[in-house]
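Engineer: This is the structure, below, for whatever I ask next.
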Amino acid sequence: MYIQPSTIVLKGGRQALLRCPSVKEASALVDLLRTVYQETDYLMRYPEEMNITVEQEEVWIENNLSSPYTIMLICEVEGKIVGTCQIDFNARLKTKHRASLAISIMQAFWGLGIGTAMFQKMEEEARKYGVSQLELEYIEGNQRGLALYQKMGFEVVSYKPDAICLKDGTLLKEYFMIKKLRS
């Protein structure tokens, strides 16, 4: 689904553009994913598992732009894609009141307000869509993510013990959070 771009002002005064990606930006998005997977253990893949080709990413972008159930946003700062956020709406009657969020931002751009702005934009779109519950998951130890999610009004409702196994054998919980939207 396509939405109108919007400009935000980051902490420090720089401007950023929130917008849907174009198919011709597939290579830049693949590069972004490779970067963010290297920068944190709190995403669902290790960098070496990032085997998406540019052609596959082109199809992914095209499908997202044409889908009535998905919005994908990128954050562009000074011509560079530095983050992405996606909301997936449920199509089934019993679950269409719910939507799932996911976000990733390059480490050099953490703490500048990008995550907050992306979540605000996605919440605005969710309300237009008629969603009354936003959902997300995060991995135990992701304190920065948790702080953002709590700031945005999400609450932990459950967790899966030992859901994530790091290379060193460490087992981490995966937490499930929701935010109730009031119309």
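Engineer: Taking Tyr2, is it hydroxyl-bearing (Ser, Thr, Tyr), loosely packed, with under 15 Cβ neighbours inside 10 Å and in contact with a Cys (Cβ under 7 Å, 6 or more places away or on another chain)?
Structural biologist: yes
Engineer: Now for a separate question. Could you say which residue among Leu101, Leu112, Leu43 is at pLDDT below 95 and aliphatic (A, V, I, L, M)?
Structural biologist: From the options Leu101, Leu112, Leu43, the qualifying one is Leu43.
Engineer: If you don't mind, another one. Is it the case that Glu135 is open to solvent by less than 30 Å² (accessible area, probe 1.4 Å) and within 22 Å of Lys179 (Cβ to Cβ)?
Structural biologist: Working: open to solvent by less than 30 Å² (accessible area, probe 1.4 Å): yes; within 22 Å of Lys179 (Cβ to Cβ): yes.
The answer is yes for Glu135.
Engineer: Let me ask something else about it. Six or more apart or on different chains, Cβ atoms under 7 Å: show the pairs whose first residue is in the range 53-65 and under 18 Å from Pro5 (Cβ atoms) and whose second is small (Gly, Ala, Ser) and open to solvent by less than 90 Å² (accessible area, probe 1.4 Å).
Structural biologist: Listed pairs, sorted by first residue: Ile61/Ala26.
Engineer: Residue under question is Gln107, and the condition is that it be modelled with pLDDT of 95 or more and touching a His at 6+ places or on another chain (Cβ under 8 Å); does it hold?
Structural biologist: no
Engineer: Now a separate question. For the range 93-102, check the following and say yes or no: at least one residue is of a type in the set (A, V, I, L, M), free of Cβ contacts under 8 Å to residues at least 40 places away in the same chain and in contact with a helix residue (DSSP H, G or I) (Cβ under 8 Å, 6 or more places away or on another chain).
Structural biologist: Yes, that holds for at least one residue.
Condition check ((1) touching a residue at least 24 places away in the same chain (Cβ under 8 Å); (2) assigned to a strand (DSSP E or B); (3) among the polar types (S, T, N, Q); (4) crowded, with 17+ Cβ neighbours inside 10 Å) across all residues:
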{"residue": "Thr84", "(1), (2), (3), (4)": "yes, yes, yes, yes"}
{"residue": "Ala91", "(1), (2), (3), (4)": "no, no, no, no"}
{"residue": "Val131", "(1), (2), (3), (4)": "yes, no, no, yes"}
{"residue": "Asp162", "(1), (2), (3), (4)": "no, yes, no, no"}
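Engineer: Residue check: is Ala117 open to solvent by 40 Å² or more (accessible area, probe 1.4 Å), modelled with pLDDT of 95 or more, in a helix (DSSP H, G or I) and farther than 16 Å from Phe176 by Cβ?
Structural biologist: Against the criterion (open to solvent by 40 Å² or more (accessible area, probe 1.4 Å), modelled with pLDDT of 95 or more, in a helix (DSSP H, G or I) and farther than 16 Å from Phe176 by Cβ), Ala117 does not qualify.
Engineer: Do we have Glu124 as within 17 Å of the chain's Cα centre (by Cα), exposed (fewer than 13 other Cβ atoms within 10 Å of the Cβ) and at negative phi here?
Structural biologist: The answer is yes for Glu124.
Yes/no per residue for (1) assigned to a loop (DSSP other than H, G, I, E, B); (2) under 29 Å from Cys165 (Cα atoms); (3) of a type in the set (A, V, I, L, M, F, W, C); (4) open to solvent by less than 50 Å² (accessible area, probe 1.4 Å):
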| position | (1), (2), (3), (4) |
| --- | --- |
| Thr35 | no, yes, no, yes |
| Glu58 | no, no, no, no |
| Asn63 | no, no, no, no |
| Ile81 | no, no, yes, yes |
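Engineer: Report, by residue number, each residue of the range 133-160 that is among the polar types (S, T, N, Q) and touching a residue at least 12 places away in the same chain (Cβ under 8 Å).
Structural biologist: Hits for the range 133-160 are Gln133, Asn142, Ser158.
The values are calculated or read from the model by the stated rules, or taken from the named source; none is laboratory data. As the structure is a computational prediction, the values presented were derived from the model and not from experiment. Cβ atoms come from the backbone with ideal geometry, glycine included; neighbour counts cover every protein chain shown. These area figures cover heavy atoms from the full protein model, side chains too; ligands, DNA and RNA do not enter into them. Shrake-Rupley method; radii C 1.70, N 1.55, O 1.52, S 1.80 Å.
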